[in-house]
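The values are calculated or read from the model by the stated rules, or taken from the named source; none is laboratory data. Bear in mind the structure is a predicted one, so any value in this text is a computation, not a measurement. Here the Cβ positions follow ideal geometry from the backbone for every residue, glycine too, while neighbour counts run over all protein chains shown. Surface areas here come from the heavy atoms of the whole protein model, side chains and all, with no ligands, DNA or RNA. Shrake-Rupley method; radii C 1.70, N 1.55, O 1.52, S 1.80 Å.
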Amino acid sequence: MGFHPATFQLTGFPGQEAAHRWISIPFCVVYVTTMVGNCTVLCIIWADRRLHQPMYLFLCMLSVNDLGMSLSTLPTVLSLFCFGVADVAFDACLAQMFFIHSFSFMESGILLAMAFDRLVAICEPLRYAAILTNPRIVRIGLAVVIKSTSMLFPFPFLIKRLPICKSSVLSHAYCLHPDMMRLACADTTVNNIYGLFAILVTYGLDSVFIILSYVKILTTVFNIASREQRRTALNTCASHICAVLLFYVPIMSVSVMHRFGKNAPRLVHILMSYAYLFVPPVLNPIVYSVKTKEIRKGISRIFSRDLM
């Protein structure tokens, strides 16, 4: 067992410590928007039994996951920017790292499940209800959770075995595996190899299957004779496509920046890292509210009830 510091020191925006209180305002807005947006989606689907269908049940999973992601980063981000508390206990940092990466992996799996839902709805519409039964949806959800958490289970132990002696200062206002690993003064080959394996098995395979699903969907759609039916079929996929782009584009951007943008200003790296964690949870409910007619109707009913 290696040497570990009692605490890690979080970092906000270097050189802007005096402005951290002001910087906390947009973070608070993002958290409130995320909570209100995702809770609204959950309440609308829960209250309307007509929406207890596979597409909306998967959307519930996405909203719960986005809430989990936001709650995972909230304690350290707000404590740093609002109250200037930069220290986080070693074990608390490990726990936060586990939950952040787990929810990120789960989001990828849920997006894959939603792609499968759209594939069945468009390519096998007559068998849709028979294939995506409620018990099967529950099993899919459990499989996503088990796969993600089991893939992340070794990460805290891989960090705990390393002696942390280079520094105790992290690069962000939250704990991530690569950030903690770089502080070790020992060989991190095992961490690197397993980290790459976990990424390929989750993001890599999930993205490949999502692309293959949409290849099959587009092939089926363009074989439909009616232009109106083609437009309707593609419209049902619009929200999911936006959610996939909101999730994978920041991840790919961060990866590219780490490998090819080493000369870019540090502020750019920091902002890209925040975008990777904060953009999907805050924008997913907005996208589904704008693009999904049933969700829009539910929001309209809530506002009309409040105005009466």
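Okay, here's what the table says:
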item: ALA264 being small (Gly, Ala, Ser) and in contact with a helix residue (DSSP H, G or I) (Cβ under 6 Å, 6 or more places away or on another chain); result: no
item: Residue within segment 149-172 that is out of contact with any helix residue (DSSP H, G or I) (no Cβ under 8 Å at 6 or more places or on another chain), among the aliphatic types (A, V, I, L, M), within 21 Å of ILE270 (Cβ to Cβ) and modelled with pLDDT under 95 present; result: yes
item: Residue ID - most open to solvent (accessible area, probe 1.4 Å), chosen from residues in segment 131-175 that are under 30 Å from GLN16 (Cα atoms) and not aliphatic (A, V, I, L, M); result: LYS166
item: Residue list for segment 266-306, restricted to those being among the β-branched types (Val, Ile, Thr) and either open to solvent by 20 Å² or more (accessible area, probe 1.4 Å) or more than 22 Å from the chain's Cα centre (by Cα) (or both); result: VAL268, VAL279, VAL282, ILE286, VAL287, VAL290, ILE299, ILE302
item: Extreme residue, farthest from the chain's Cα centre (by Cα), among residues of segment 176-204 that are open to solvent by less than 80 Å² (accessible area, probe 1.4 Å) and of a type in the set (Phe, Trp, Tyr); result: TYR194
item: Close pairs (7 angstrom Cβ cut-off, 6 or more residues apart or separate chains): part of a loop (DSSP other than H, G, I, E, B) in segment 223-244, surrounded by fewer than 17 Cβ atoms within 10 Å (Cβ to Cβ) anywhere; result: ILE224/ARG230
item: Segment 9-58, residues that are of a type outside the set (Phe, Trp, Tyr), closer than 30 Å to ARG266 by Cβ and not in a helix (DSSP H, G or I); result: GLN9, LEU10, THR11, GLY12, PRO14, GLY15, GLN16
